[in-house]
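**Student:** Take a look at this one; I'll ask things after.
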Amino acid sequence: QVHLAESGGRLVQVGGSLRLSCEASVRTFSNYAMAWFRQAPGKERDHVASISVTGSDTYYSESAKGRFTISRDNAKNMVFLQMNSLRPEDTAVYYCAARRGDVSRYQSFYDYWGLGTQVTVSS
């Protein structure tokens, strides 16, 4: 069983930056690919970024490319999402997800989910 806890979401101005964190409670964190998804009000949950077990491979949605960076610290059981140049359309609940094995951008492949952290970008 993997328990995930996101943090770092808050209200931020357009053009600002945020760093989201996700702490995983699992003994073998380095065996899990990790990802961030988000769900805006009235919309489906979408992929934002994902990272392989070693961190060598990363994948981003088109909207995240060039603005967001996913990273991980296997020694601390943490995954991060650095978000820059934030836009109002980035407003959403951001979820951390984990799956054992290969990285994926498809949420159906992820077995473990956090409760989410709210990011609100105000203009």
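**Student:** So what are the ³J(HN,Hα) numbers for segment 81-96, from phi and the Karplus equation (6.51, -1.76, 1.60; θ = phi - 60°), rounded to whole Hz, Gly and Pro as x?
**Tutor:** For segment 81-96, the Karplus curve yields 9, 8, 10, 10, 6, 5, 10, x, 6, 7, 4, 4, 8, 9, 10, 9 Hz.
**Student:** Here's a follow-up. Using a Gaussian network model on the chain with a 10 Å cutoff between Cα atoms, which of V79, V48, V12 fluctuates the most?
**Tutor:** Comparing V79, V48, V12 in a Gaussian network model of the chain, the most mobile one is V12.
**Student:** Just need the Rg to Rh number for the chain, please, alpha carbons only, Kirkwood Rh. Present the calculation step by step, with values, prior to reporting the outcome.
**Tutor:** Working: Rg = 13.3 Å, Rh = 14.1 Å.
Ratio of gyration radius to Kirkwood radius: 0.94.
**Student:** Let me ask you something else. Report the residue, chosen from A35, A97, A64, that carries the largest GNM mean-square fluctuation when the chain is represented by alpha-carbon nodes joined by springs under 10 Å.
**Tutor:** Fluctuation is largest for A64.
**Student:** Shifting gears a bit: R0 = 30 Å: FRET efficiency of H3 with S108, Cβ-based, nearest 0.05? Write down the numbers at each step before the final one.
**Tutor:** Numbers: r = 20 Å, r/R0 = 0.68.
Computed FRET efficiency for H3 and S108: 0.90.
**Student:** Tabulate in residue order the Karplus-calculated ³J(HN,Hα) for segment 8-23, using 6.51 cos²θ - 1.76 cosθ + 1.60 with θ = phi - 60°, rounded to whole Hz; enter x for Gly and Pro.
**Tutor:** Values per residue, Gly and Pro as x: x, x, 6, 7, 9, 7, 3, x, x, 10, 9, 10, 8, 10, 9, 9 Hz.
**Student:** On to the next question. Separation of segment 1-74 and segment 82-111 by C-alpha centroid, Å?
**Tutor:** 5
**Student:** What length, rounded to one decimal in nm, is gained on full extension from S56 through to S17, with 0.36 nm per residue of separation minus their alpha-carbon distance? Provide the component values of the computation, followed by the final result.
**Tutor:** On the way: separation 39, 0.36 × 39 = 14.04 nm, distance 2.39 nm.
This chain segment gains 11.7 nm when fully extended.
**Student:** Related question: Taking H placed 1.01 Å from N in the peptide plane, check which residues at least 5 places from V103 or on another chain put their amide H under 5 Å from its amide H.
**Tutor:** Here V53 satisfy the definition.
**Student:** Continuing with the same structure: Per residue of segment 41-48, what does 6.51 cos²θ - 1.76 cosθ + 1.60 with θ = phi - 60° give for ³J(HN,Hα)? Whole Hz please, x for Gly and Pro, Karplus curve as stated.
**Tutor:** With coefficients 6.51, -1.76 and 1.60, one gets x, x, 10, 6, 6, 10, 5, 10 Hz.
**Student:** Of the heavy-atom accessible surface of the chain (probe 1.4 angstrom), what whole percent is carbon and sulfur? Could you put the intermediate results ahead of the total?
**Tutor:** Details: 2860 of 6400 Å².
Result for the chain: 45 percent of the exposed heavy-atom area is carbon or sulfur.
**Student:** Let me ask something else about it. Rounded to the nearest 5, what % of the DSSP beta bridges within the chain are antiparallel ones? All intermediate terms of the calculation are to be shown ahead of the outcome.
**Tutor:** Details: 39 of 42 bridges.
So the antiparallel bridges amount to about 95 percent of the total.
The values are calculated or read from the model by the stated rules, or taken from the named source; none is laboratory data. All of these numbers come straight from a predicted model, not from anything done at the bench. Note that each Cβ is placed from the backbone with ideal geometry, even for glycine, and that neighbours are counted across all protein chains shown. Note: areas computed on protein heavy atoms with side chains; ligands, DNA, RNA excluded. Shrake-Rupley method; radii C 1.70, N 1.55, O 1.52, S 1.80 Å.
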